[in-house]
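Okay, structure first, notes after.
The values are calculated or read from the model by the stated rules, or taken from the named source; none is laboratory data. Predicted model only: the values in this text are computed from it and were never measured. Here the Cβ is made from the backbone with ideal geometry for all residues, glycine too, and neighbour counts use every protein chain on show.
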Amino acid sequence: MHRIGLESFAAGDREAINLRNSDKNTVMRNEAFDVNHNGVFLRDGSDSNRVFNNLVRRTGQPIQPFRGGGIQVSFTSYDNQIEGNTIEESGRGITIDRGSRRNKVTGNQAFRNQRYGVGTEEGDMPPLENEFRRNVARNNGRAQIPAGVSGGFDLFEAPPVNNMWAAR
């Protein structure tokens, strides 16, 4: 287990854990907090990774459009498993976007995030072949996005797939 926070970063670092074009890694039992962008970022063809039992707190930008957040899977990353993580007080909770497919997001908790708890971005509406099950989202915001910036899709606004949504 690692605790990764603001004091761990040199000026300009954006992510606590950044997997880029990385396959078959396991990211487990870490704590990431007070990070400028994402707590965990899987990107650019990062496939078949496991991200589980992590705690991510106070990540992302606290002002609109709330870029960054807890866990993001992006830029055509496939077959990742995101399970048992807790995301709190971040810009966004868990995001799957930009053509990423066949990812499983299961049994996560997202609380008090500025924008949404579990969702998709950048035109991936509805989500592309991704599976979302047994996630819990509570007290997440539904901030408006400025013109010219693509909106987000909160999975709890769609018919849920065994997800639990709790109002503020």
(request) Tell me which residues, restricted to region 42-69, are closer than 20 Å to Phe111 by Cβ and either part of a strand (DSSP E or B) or modelled with pLDDT of 95 or more (or both). (result) Val51, Phe52, Asn53, Asn54, Leu55, Val56, Arg57, Arg58, Thr59
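Each row is one residue, and each column tells you yes or no for (1) at positive phi; (2) at pLDDT below 65; (3) more than 12 Å from the chain's Cα centre (by Cα); (4) surrounded by fewer than 17 Cβ atoms within 10 Å (Cβ to Cβ).
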site: Ile96; (1), (2), (3), (4): no, no, no, no
site: Tyr116; (1), (2), (3), (4): no, no, no, no
site: Met125; (1), (2), (3), (4): no, yes, yes, yes
site: Glu129; (1), (2), (3), (4): yes, no, yes, yes
site: Ile145; (1), (2), (3), (4): no, yes, yes, yes
site: Glu157; (1), (2), (3), (4): no, yes, yes, yes
site: Met164; (1), (2), (3), (4): no, yes, yes, yes
(request) Report the residue count in region 93-120 for those that are within 20 Å of Ser48 (Cα to Cα), among the basic types (Lys, Arg) and outside any strand (DSSP E or B). (result) 3
(request) State all residues of region 61-86 that are in contact with a Phe, Trp or Tyr (Cβ under 6 Å, 6 or more places away or on another chain) and at positive phi; if no residue qualifies, say none. (result) Gly84
(request) Evaluate the following for Ser90: is it polar (S, T, N, Q), under 11 Å from the mean Cα position of the chain (by Cα), at pLDDT 90 or above and in a loop (DSSP other than H, G, I, E, B)? (result) yes
(message) Cβ-Cβ distance below 7 Å, separation of 6 or more or different chains: which pairs start in region 121-141 with a residue that is under 17 Å from Gln72 (Cβ atoms) and assigned to a loop (DSSP other than H, G, I, E, B) and end on one that is of a type in the set (Asp, Glu) and modelled with pLDDT of 85 or more?
(response) Glu122/Asp97; Asp124/Asp97
